[in-house]
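Inspection log for the structure reproduced underneath, given as structure tokens.
The values are calculated or read from the model by the stated rules, or taken from the named source; none is laboratory data. Computed from a prediction, not measured in an experiment: that's the story for all the values here. Positions of Cβ are backbone-derived with ideal geometry, glycine not excepted, and every protein chain shown enters the neighbour counts.
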Amino acid sequence: MGGASGPSGQRERTGKRILAAHVPQALSRLRVHRALEGRSDDNIVRVGHADRAWSDFYHHALTIRWSSFFWYALAGYVVVNAAFALLYMMVPRQITGTQPGVFWDYFFFSIQTFSTVGYGVMAPVGRAAHVIASCELLGGMILNAVATGLVFARFARPRARLMFSNSALIRKDGDTAHLSLRIANRRLSPILSVDVELFLSRLIVQPNGRLARQFDPLVLVQSHIPVLRFAFPLMHVIDAHSPLSGLTIEALRKEEAEIVLTVTGTDEVSGQSVFARTAYGFDRVLYNHRFVDIIDASADGRITVDYARFHATEGE
């Protein structure tokens, strides 16, 4: 005890003061971080990082909303054809079937050229008009191919139509406690070779007062599912080896702990890998509850899956 008043004790008291000064600020940053996790990327402003659309055009074109994709495509279509219409107006009387100075005649001729339709009413007759039309044909073939590929890629992008239970449950059976969740496949076709990983995510305060995100694996009773056809329960036993062992709810909430669940598998129809994830804060954890069964067998031998009861639980 006497050593506490020496240099080591002074360093310890100084470290505690530093820790006490940093913890409120760190927890404030954490709450902002968790608030951002629930928002879409459109609502997040990144400072100090130049995210230019043209440097990663393919990714941006695949990930923006369908409404944004449509309006960007329409705007680009109009701008390109308007630009070529102005070029055609610079060489008057070289496009048959058009009235000199009438923008819309040249605009619709540009659309016909860009789409390679060519109804035969309007056609280039001069050398300059032929050069402009040839450039537009080349650009139109390239842009049409890119647009077709992007639309196909957006439709063909794999999505794991998975349902996650709204709540995670912690229940004690005798001397054993366990954490349980539930996932379900919303498609008629099964998902094959499903791998599930569960983690306890916490922000741990370091001695210097900084926060570090720590992910501790929560071992599942069954983490590999050969075929996910309907619903499947996931269970983690809270034993002496579990990261949840000995932790109180107050301590977990103080560390802003979350349960992170990731699921990967292969869609049987497309053969593509699918991914899904979710997270549960401990305000979404119910205690001494169990999930209501959603699978019933009818008298004629058919299986009934009631997804309306998927999130339902019952207490003890």
Selection within the stretch 112-130 - in contact (Cβ under 8 Å) with a residue 12 or more places away in the chain, assigned to a loop (DSSP other than H, G, I, E, B) and among the β-branched types (Val, Ile, Thr): Thr116, Val121, Val125
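Rundown of residues vs (1) in contact with a Gly (Cβ under 7 Å, 6 or more places away or on another chain); (2) over 28 Å from Ala251 (Cα atoms); (3) outside the structural domain of Tyr77 (by TED's automatic domain parsing), yes/no style:
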site	(1), (2), (3)
Leu150	no, yes, no
Ser167	no, no, yes
Gly174	no, no, yes
Leu179	no, no, yes
Ser189	no, yes, yes
Val205	no, no, yes
Arg210	no, no, yes
Asp216	no, no, yes
Val219	no, no, yes
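Conditions (1) in contact with a helix residue (DSSP H, G or I) (Cβ under 9 Å, 6 or more places away or on another chain); (2) under 20 Å from Leu86 (Cβ atoms); (3) β-branched (Val, Ile, Thr), marked per residue:
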residue	(1), (2), (3)
Phe103	yes, yes, no
Phe108	yes, yes, no
Gln112	no, yes, no
Val131	no, yes, yes
Cys135	yes, yes, no
Gly139	yes, yes, no
Phe155	no, no, no
Over the stretch 196-209, the set of residues farther than 16 Å from Phe282 by Cα and surrounded by 14 or more Cβ atoms within 10 Å (Cβ to Cβ) is Val196, Glu197, Val205, Gly209
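Starting from residues that are more than 14 Å from Val151 (Cβ to Cβ) and without any contact (Cβ under 8 Å) to a residue 40 or more places away in the chain, keep the ones in the stretch 69-82 and report whichever is nearest to the chain's Cα centre (by Cα).
Ranking the candidates gives Trp71 first.
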Quickly run through the stretch 270-303 and pick out the residues that are surrounded by 11 or more Cβ atoms within 10 Å (Cβ to Cβ) and either among the β-branched types (Val, Ile, Thr) or touching a Phe, Trp or Tyr at 6+ places or on another chain (Cβ under 6 Å) (or both). Val274, Thr278, Val285, Val292, Ile294, Ile295
For the stretch 126-160, name all the residues that are modelled with pLDDT of 90 or more and more than 25 Å from Ser68 (Cα to Cα). Arg127, Ala128, Ala129, His130, Val131, Ile132, Ala133, Ser134, Cys135, Glu136, Leu137, Leu138
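In the list Thr313, Thr262, which residue meets the criterion of being among the polar types (S, T, N, Q), touching a residue at least 60 places away in the same chain (Cβ under 8 Å) and surrounded by 15 or more Cβ atoms within 10 Å (Cβ to Cβ)? Spell out how you get there, then give the answer.
Numbers: Thr262 fails: surrounded by 15 or more Cβ atoms within 10 Å (Cβ to Cβ).
Every option except Thr313 fails the conditions.
Scan the strands (runs of 3 or more DSSP E) fully inside the stretch 235-305 and keep the ones with 3 or more residues being of a type outside the set (D, E, K, R). Steps first, answer last, please.
Working: elements: 258-267, 273-281, 285-287, 289-291, 295-297, 303-305.
Counting at least 3 such residues, we get 258-267, 273-281, 285-287, 303-305.
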Hits in the stretch 240-268 - residues which are at pLDDT 90 or above and acidic (Asp, Glu): Glu258
Going by what's in this entry, would Leu252 be described as more than 25 Å from the chain's Cα centre (by Cα) and assigned by TED's automatic domain parsing to the domain that holds Ile170? yes
One residue is enough: does the stretch 143-162 have a residue meeting the conditions surrounded by 16 or more Cβ atoms within 10 Å (Cβ to Cβ), touching a strand residue (DSSP E or B) at 6+ places or on another chain (Cβ under 9 Å), at negative phi and touching a residue at least 40 places away in the same chain (Cβ under 8 Å)? yes
